[in-house]
1. Consider Ala56 against the criteria (1) open to solvent by 70 Å² or more (accessible area, probe 1.4 Å); (2) modelled with pLDDT of 95 or more; (3) among the hydrophobic types (A, V, I, L, M, F, W, C); (4) part of a helix (DSSP H, G or I): it satisfies all of them except one. Which criterion is unmet?
2. Which residues, counting only those in the range 1-29, are open to solvent by less than 60 Å² (accessible area, probe 1.4 Å) and in contact with a strand residue (DSSP E or B) (Cβ under 6 Å, 6 or more places away or on another chain)?
3. Which of the residues spanning the range 59-86 are surrounded by 10 or more Cβ atoms within 10 Å (Cβ to Cβ) and at pLDDT 90 or above?
Amino acid sequence: MAELPSGLDWVRAAPEDATGPGPWIEIAFGADDLVHIRETSDPENVVTTTRRKWDAFVLGVQAGEFDHFVEGLEDERPSAPAEDRS
């Protein structure tokens, strides 16, 4: 496994009002256009990709391209706060 650069600023992908240890996904944007991804329950296991691939992934999620991976799990998804629902 490659050495990670020191001083990465890990950002937790969790709701602002979330409590507890998670597990949560954390993202760090590094040098050379690299994006590092880890889970709080296993912080030594880091996946690294490029910023271009990360941006394409995020846009795909927003466009619903990965919805088929969670079919049948609708009851397990957190519901949006009432003010966010339309």
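1. (1)
2. Within the range 1-29, Leu8, Trp10, Trp24, Glu26, Ile27, Ala28 meet the criteria.
3. Answer for the range 59-86, where residues must be surrounded by 10 or more Cβ atoms within 10 Å (Cβ to Cβ) and at pLDDT 90 or above: Leu59, Gly60, Val61, Glu65, Phe66.
The values are calculated or read from the model by the stated rules, or taken from the named source; none is laboratory data. Note that the structure is a prediction, hence the values are computed from the model and not measured. Cβ sites come from the backbone with ideal geometry, for glycine too, and all protein chains shown count toward neighbours. Please note that ligands, DNA and RNA were not included when accessible areas were found on the heavy atoms of the full protein model with its side chains. Shrake-Rupley method; radii C 1.70, N 1.55, O 1.52, S 1.80 Å.
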